[in-house]
Amino acid sequence: MTMSQKLTQEDEGIGSRIRSNPRPALIWVVGALALLALEFGAIVQLVTSTVPGVGAIELPTLLTRELIPNQGYQLPNGSWQGTFLGLSPAIAWLLRVVLVYAYAFVWVAWVWYGYLTFRRNYRFADWTPTDDRIDRLRGHRWGQFGFIVVFAFVMFAMFAPALGPTTLQGNIIDPYSNDVSYYDEEVGEVATVTVGTANLASQSRGNPDQNYGLWSYDPYDRFHPAGTISNGKDMFTFLVFGARISLFIAMSATLIAGGIAFVLAMVTAYYKGLADLVTVVASDAFSSIPLVLLLIMLSVVLRNTWIASLYNGAVILVLIFGLFFWPGYWRTVRGPAFQTVENEWIDAAKSYGQSPLTLMRKHIAPYVIGYLLIYASLGLGGIIISTSALSYLGLGITAPTPEWGRLVALGQAYVPTVSWHISIIPGLAIVLVVTGFNALGDGIRDAIDPESEGSTEGGTAAAGGGG
């Protein structure tokens, strides 16, 4: 059997095996559709909220504030009105958070079950190198820690509307156009006040008499899991939506930079010569530009232009990071791509008449993508830090859009006071998330390249091989 016949049989094998034994695949698809239906509205809202000029589309979904409300008021007899089953706002909110993460965990378990289903019933080969990589990653404790942190962060951002104790629009963006009900003890009845007015009475400004810290209630019976900030807005709501915009910038920029690096690695490794020389010169030119100064300059110059209004300045950062991060990614995967092209099976594939595009897709790309995943996971943390640093300086994401770096700046003056939470919590969150991405990258690296596991020399060699 020739190589081309074997490859054709492999391509047709999956489809034919599913047709001959559809039950396992059908069970998994039905389960996935059921899980998707539960939160389809939240997924649509997430996608549409990140599309410039579209705005979030509201559709029915399961784990929402409307189904499990935590906003209410307490009567003199101690009972709560307006909350889920009359529970206290803290318990109602905590219940919603637990259900959101339980739902996300079920998705992870179902995806893993889908992989096992494919592996047992439909995969062409009984064993592939991916099996060993997954096994090594499952035994990599540092990588598992990174996966848990990254998973929690991604869910934090994806389900921000459900995880926040209040709404972004009502509490942060436009508080004076929204109302909150509370029990007025002076008049003995339920009264209504604007959220903006309530925020003024809930400020945390470093004074023991003017501070609402972790797990606290304000005078209007609103629950604040992470306290309030200096202008009285809910800090946890600020954090979850700040995580969403940071994740959008980091993922979008990484996809752009990684996509450019991937295409150039394929082309330069296969054609070499002039293509590689031009790419090297372009890479050096982009790398010579001081990125931080460029970010600050463009943030100031483009502040009042139409492009700055696209997703509150996030699109500008995405384009800048994407266009200026690709040289680093390309240099890390250029070495592995060149090494792959020099292997004997590449010459064999050429001799059987495979086109350059097919050869790149089937033989070079799978090897290069693994290395690209390693450095992309490390680069995500760097983009999050850079975005936060710009927000700390008052640049990048426009106010009042939440961003973690802005919280650090708002609370800097209150660090030695009782309102330390304003700056310390988002600062620790940035450190934890970036560490998580780095740990996950280390785990992926050691899973792909076992020689680098547990040794500084191996890690250095892996990094050097990508250059």
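Just to be sure before I move on: is F238 in contact (Cβ under 8 Å) with a residue 40 or more places away in the chain, among the aromatic types (F, W, Y) and more than 30 Å from Q81 (Cβ to Cβ) in the structure I sent?
For F238, the condition - in contact (Cβ under 8 Å) with a residue 40 or more places away in the chain, among the aromatic types (F, W, Y) and more than 30 Å from Q81 (Cβ to Cβ) - is not met.
When the range 407-438 is filtered for residues that are free of Cβ contacts under 8 Å to residues at least 60 places away in the same chain and not in a loop (DSSP other than H, G, I, E, B), the ones remaining, listed by number, are V408, A409, Q412, S423, I424, G427, L428, I430, V431, V434. Among the residues making up the range 203-259, those that are β-branched (V, I, T) and either assigned by TED's automatic domain parsing to the domain that holds H421 or outside any loop (DSSP other than H, G, I, E, B) (or both) are T228, T237, V240, I245, I249, T254, I256.
Could you tell me whether the range 360-370 includes any residue that is within 24 Å of the chain's Cα centre (by Cα), assigned by TED's automatic domain parsing to the domain that holds V263, at pLDDT below 85 and buried (at least 18 other Cβ atoms within 10 Å of the Cβ)? Yes: the range 360-370 contains one or more residues that are within 24 Å of the chain's Cα centre (by Cα), assigned by TED's automatic domain parsing to the domain that holds V263, at pLDDT below 85 and buried (at least 18 other Cβ atoms within 10 Å of the Cβ).
Are any of the residues in the range 106-121 outside any helix (DSSP H, G or I), surrounded by fewer than 17 Cβ atoms within 10 Å (Cβ to Cβ) and not assigned by TED's automatic domain parsing to the domain that holds S309? No. Based on this model, can you work out whether F286 counts as without any contact (Cβ under 8 Å) to a residue 60 or more places away in the chain, surrounded by 14 or more Cβ atoms within 10 Å (Cβ to Cβ) and more than 17 Å from A399 (Cα to Cα)? Yes: the conditions hold for F286. For the range 304-349, how many residues meet the condition of being surrounded by fewer than 14 Cβ atoms within 10 Å (Cβ to Cβ) and among the charged types (D, E, K, R)? Result for the range 304-349: 3.
One residue alone among I134, I173, I148 is on the phi < 0 side of the Ramachandran plot, modelled with pLDDT of 95 or more, not charged (D, E, K, R) and not assigned by TED's automatic domain parsing to the domain that holds A399, and that residue is I148. Against the test of being more than 23 Å from the chain's Cα centre (by Cα) and buried (at least 18 other Cβ atoms within 10 Å of the Cβ), the options G396, G411, G405, G379 yield a single qualifying residue, G411. Looking at the range 291-400, the helices (runs of 4 or more DSSP H) lying wholly inside it that each contain 3 or more residues that are aromatic (F, W, Y) sit at 314-341, 365-392. Scanning the range 71-118 for residues that are within 15 Å of H224 (Cα to Cα), among the hydroxyl-bearing types (S, T, Y) and in contact with an Asp or Glu (Cβ under 8 Å, 6 or more places away or on another chain) yields one hit, Y73.
G170 satisfies every condition listed in (1) under 31 Å from the mean Cα position of the chain (by Cα); (2) assigned to a strand (DSSP E or B) except (2).
Of the residues G353, G370, G379, the single one that is in contact (Cβ under 8 Å) with a residue 60 or more places away in the chain, of a type outside the set (A, V, I, L, M, F, W, C) and at positive phi is G353.
Among the residues making up the range 201-232, those that are surrounded by fewer than 16 Cβ atoms within 10 Å (Cβ to Cβ) and closer than 24 Å to T83 by Cβ are A201, L214, W215, Y217, P219. When you look at F241, is it hydrophobic (A, V, I, L, M, F, W, C), on the phi < 0 side of the Ramachandran plot and crowded, with 21+ Cβ neighbours inside 10 Å, yes or no? Yes; evaluated as a whole, the condition is true for this residue.
The values are calculated or read from the model by the stated rules, or taken from the named source; none is laboratory data. If you're wondering where the values come from, they're calculated on a predicted model, not measured in any experiment. Backbone-built Cβ (ideal geometry, glycine too); neighbour counts: all protein chains shown.
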